[in-house]
Amino acid sequence: MADCELCRDPGGELIWQDGFCRVVRVEDMDYPGFCRVILTHHIKEMTDLDRHQRERLMSVVFVVEEAVREILLPEKINLASLGNMTPHLHWHIIPRFRHDRTFPGPIWATSQRETVSMPLDANTARRLKTAIQSRLGGI
């Protein structure tokens, strides 16, 4: 769909893809390691997928969550699929840390503290990318 940003653009730094979906890392200084799993085709809702497709999509989400947990050791992981602004099926995998600006609230909440930019260093970004790619090689 020409007017859909996730149909036009990757949606972040491309980490992995196949014909069904892609994994990207979002460059967000407040939430380092923030990833998205984005369906390749323009589909709006999970229930528009058949059971096999839903299971496949969620298996990719869970693999990304495992890799983010292993590499970044966050306090918590948030998984979200909203799509209100971009009605193209995608999942957010968001590592949360006690010192992030909205913890313990959702990332879209009002800041609880001064923003502490925590960019992901190149070595950690590479390790995360490698961990996700190696896990998804078997799917």
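Considering Cα pairs under 8 angstrom that are at least six residues apart, work out the relative contact order of the stretch 29-112 and quote it in whole percent. Could the numbers behind the result be given before it?
Numbers: 108 pairs, mean separation 31.1, N = 84.
37 percent.
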| field | Degrees, to the nearest 10: 51-72 long Cα axis against longest axis of the chain | value | 20
| note | For the stretch 7-19, Karplus-derived ³J(HN,Hα) couplings (6.51, -1.76, 1.60; θ = phi - 60°; whole Hz; x for glycine and proline) come out as 7, 7, 10, x, x, x, 6, 5, 9, 7, 7, 9, x
| remark: Counting only residues 5 or more apart in sequence or on a different chain, those whose built amide H sits under 5 Å from that of ILE15 are VAL23, VAL24, ARG25
| Within-12-Å neighbourhood charge of ARG56 [Cβ basis; K, R +1; D, E -1] | -1
| query | Most fluctuating residue of ARG56, ARG69, ARG36 in a GNM of the chain with Cα springs under 10 Å: which is it? | reply | ARG56
| How many percent of all Cα-Cα pairs in the chain sit more than 26 Å apart? | 23
| message | What whole-number distance in Å separates the alpha-carbon centres of the stretch 77-139 and the stretch 1-75? | response | 11
| query | If you stretched the chain out fully between THR110 and THR47, how much longer would it get, using 0.36 nm times the residue separation minus the C-alpha to C-alpha distance? | reply | 19.5 nm
| said: Helix 122-136 against the longest principal axis of the chain: what's the angle in degrees, Cα atoms only, rounded to the nearest 10? | reply: 30
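Here, each number is a calculation from the coordinates, and none is a lab measurement. Keep in mind that what you see is a predicted model, and the values were worked out from it rather than measured. Positions of Cβ are generated from backbone atoms using ideal geometry, with glycine treated the same way; all protein chains shown enter the neighbour counts.
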